[in-house]
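Notes follow once the structure below has been shown.
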Amino acid sequence: MKQFEANFDGLVGPTHNYAGLSFGNVASFSNANAVSNPKEAAKQGLAKMKALHDLGMVQGVLAPQERPDIDTLKRLGFTGSDKRVLEQASKHAQEVFLACCSASSMWTANAATVSPSGDTADNKIHFTPANLTNKFHRSLEPQVTGRILKAVFNNDKHFSHHTHLPDNEHFGDEGAANHTRLCSQYGETGVEIFVYGRHAFDTSRPAPKKFPARQTLEASQAIARLHGLSEENTVYVQQNPDVIDQGVFHNDVISVGNQNVLFYHEQAFHQTQAALDEIQQKFGQEKVHFIQVSTDAVPVLDAVKTYLFNTQIITLPSGEMAIIAPTNCEENSAVSSYLADLVTQNTPIKQVHYFDVKQSMKNGGGPACLRLRVAMTETELAAVNQNTIMSESVFSRLNQWVDTHYRDQLSIDDLRDPSLLYESRSALDELTQILAIGSVYPFQQ
C-alpha cells in the first residue's frame, strides 16, 4: 500500500494582522503594528499549497480561527452588542483586545501533535491539539482547532482525537513545532522526537534566562502516553537553553527532520551527541543522515532571520528530497551559499525550491510553521474529508473566495471596526461550506 506524508497548511484568515504579540519571536516583535495585507498573505499561502500539489505531494487545507474573538472578550467582562464589545475592549484594554485579534492560527505546525498509525498501539492516527498556554493569544485556539481537525479527519476507524492538555504552564504544549519524526517509510514504525525547553517540576534543571521555554518535558511525555507510543520509538531531547535566548522560540526554528534525515544547527540541542546516539539506536540499522550546520557556516541570527530550519523537507515522488524554503533564505548570502552547496553533498536532499511567504515571515513564521504533517496510507487518505484536499478546483475556488472577502490592507485600527467582524464571519461561514467542515465556529453554534 502506498505510504506518504501529507501537509495540511493553515489558510491565512481575513483579519491577518501584525500585533507583535509573541515575546521571544524576534520577527513577530519587530513588525508590531505594521500594516498587513490579508489578501496577499492568503494568496501566498495558497500558492505554496498549490505548488506542492503540483510537485506531486498530497496537500490539504485547514480553516483559520475566527478573529476578533468576541466570545473571549465577553468572558473577560465586555458586554453589549458586538460593536460595543469591540469599542470598549479596544479603548480600555488594548493589549487584551489585540490578543483576541491574533492571526497566529495560520501556523498550523502549532495546531497539534500528530502520531501516525505505524507508531501507535491501536494503529490509528492520533491528534492532540496544542494548548499553547505560554501565550494568551494562542491559548484561545485549541477548542476550535480540535473541531476543525475532527471535521477534516472524521472517521473513528482511522483517526483518534484527544482533548488538549490541561491549560497550565506545567503542561505547556506547542504541538508539532517541537516534534518531528524519522522513519524509513512513512507508513512504518518510526522514531518520534519530542523537543522540550524545560522541566516543569524540577526547576534546578537547565532552562533559558531571557525568553520563555514554551514546551515542557511533562507535556511531551503526556502526548506520548495519549498516543500510545512505545518507549522504543520515542526520544525526548532538550532544546539548548542558550539558543532559546537567541530567539529560537520553537525547535522548528533550529531543526527539521524527514524520513532518515535530521537537519539541525550545531547549537540546537542540549547534550547533542547523547541525543543523536539515542535517535540512531532507536532508528535501527539504517543510517540516519545527521546534517549539522555549523555556527561558522550560518550564525544563529541568520538562521532565525531567514528561517533556514523552518523550511519543509519533503520526499518527492522521484524519491529525492527537496527543501521548501522562503525567499528570505535566497536573499541571505550565507544561507543561500550553504543551501547551494548542500544539494551537492552526499545526502538525500537534492533540490531547493524558494517561495515568497513574506507576509507570514513578517509575522514570525516560515514555510514549516504553515503546515501540519500527517504521515498516512492511501486507505487513511481516502477517509479524510476530500473537500479539504488541494486540487485544481479547490485552488480556484479558494482564490475566488479570498478575492471576494479579503481586504487588501489592514491596520491595527481597522480591527475595532464591526464591519470587519461581519465581513470575516460571512467569509468563514462560506468557507465552512466550501470545505464541508460543518459549524466549527462559535458564531455558528
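Remarks
- Counting only heavy atoms of the protein chains and using a 1.4 Å probe, Asp403 has close to 80 Å² of accessible surface.
- Qualifying trypsin sites (Lys or Arg not before Pro) in the stretch 131-225, where qualification requires a DSSP coil assignment and no more than 15 other C-beta atoms within 10 Å, comprise Lys157, Lys209, Lys210.
- The ellipsoid equivalent to the alpha-carbon distribution of the stretch 294-440 has semi-axes of 34, 24, 12 angstrom, derived from the gyration tensor eigenvalues as √(5λ) and listed largest first.
- Loop-located GluC sites (Glu not before Pro) in the stretch 310-388 (DSSP state other than H, G, I, E, B) with a sparse environment of at most 12 neighbouring Cβ atoms within 10 Å: Glu331.
- DSSP beta bridge pairing in the stretch 100-202, given as percent antiparallel to the nearest 5: 75 percent
- Of all accessible heavy-atom area on the stretch 354-425, the percent that carbon and sulfur account for (1.4 Å): 48 percent
- Remark: the chain carries a charge dipole of roughly 720 debye about the Cα centre, counting +1 on each Lys and Arg Cβ and -1 on each Asp and Glu Cβ.
- Surface share of carbon and sulfur [accessible, 1.4 angstrom probe, percent] for the stretch 72-158: 44 percent
- Size of charge dipole - the stretch 247-304 - debye, nearest 20, with Cβ of Lys, Arg +1 and Asp, Glu -1, no other charges: 140 debye
- For the pair Lys2 and Gln94, the difference between a 0.36 nm per residue extended length and the Cα-Cα distance amounts to 28.0 nm.
- Qualifying GluC sites (Glu not before Pro) in the stretch 132-207, where qualification requires a DSSP coil assignment and no more than 12 other C-beta atoms within 10 Å, comprise Glu188.
- Potential lengthening between Asp122 and Gln143 on full extension [0.36 nm per residue; Cα-Cα distance subtracted]: 5.1 nm
- In this calculation the C-beta distance from Leu316 to Gln285 is compared with R0 = 30 Å, giving a FRET efficiency of 0.75.
- Rounded to 10°, Cα long-axis angle of helix 333-342 versus longest principal axis of the chain: 50 degrees
- Other residues lying with their Cβ under 9 Å from the Cβ of Pro208 contribute a combined charge of +1, Lys and Arg counting +1, Asp and Glu -1.
- Rounded to 5, percent antiparallel among DSSP beta bridges of the stretch 303-427: 40 percent
- Charge sum, other residues only, whose C-beta stays under 15 Å from Gln292's C-beta, Lys/Arg counted +1 and Asp/Glu -1: -3
- Formal net charge of residues neighbouring Asn332 (Cβ-Cβ distance under 11 Å; K, R +1; D, E -1): -2
- Positive-end extreme of charge dipole, the chain - chosen from Ala112, Leu410, His53 (charges on Cβ): Leu410
- Checked against a 19 Å cut-off, the cross-linked pairs Lys150/Lys358; Lys39/Lys362; Lys48/Lys362 give Cα-Cα distances beyond that limit for Lys150/Lys358.
- Kirkwood hydrodynamic radius of the chain, Cα pairs, Å: 21.8 Å
- Length released on extending from Asp413 to Arg84, taking residue separation times 0.36 nm less the Cα-Cα span: 116.9 nm
- Restricting attention to the stretch 234-342, close to 65% of DSSP beta bridges with both partner residues there are antiparallel.
The values are calculated or read from the model by the stated rules, or taken from the named source; none is laboratory data. Since we're looking at a predicted model, the values are computed, not measured. Reconstructed Cβ throughout: ideal geometry from the backbone, glycine too, with neighbour counts over all protein chains shown. Note: accessible area is taken over every heavy atom of the protein model, side chains too, but ligands, DNA and RNA are not part of it. Shrake-Rupley method; radii C 1.70, N 1.55, O 1.52, S 1.80 Å.
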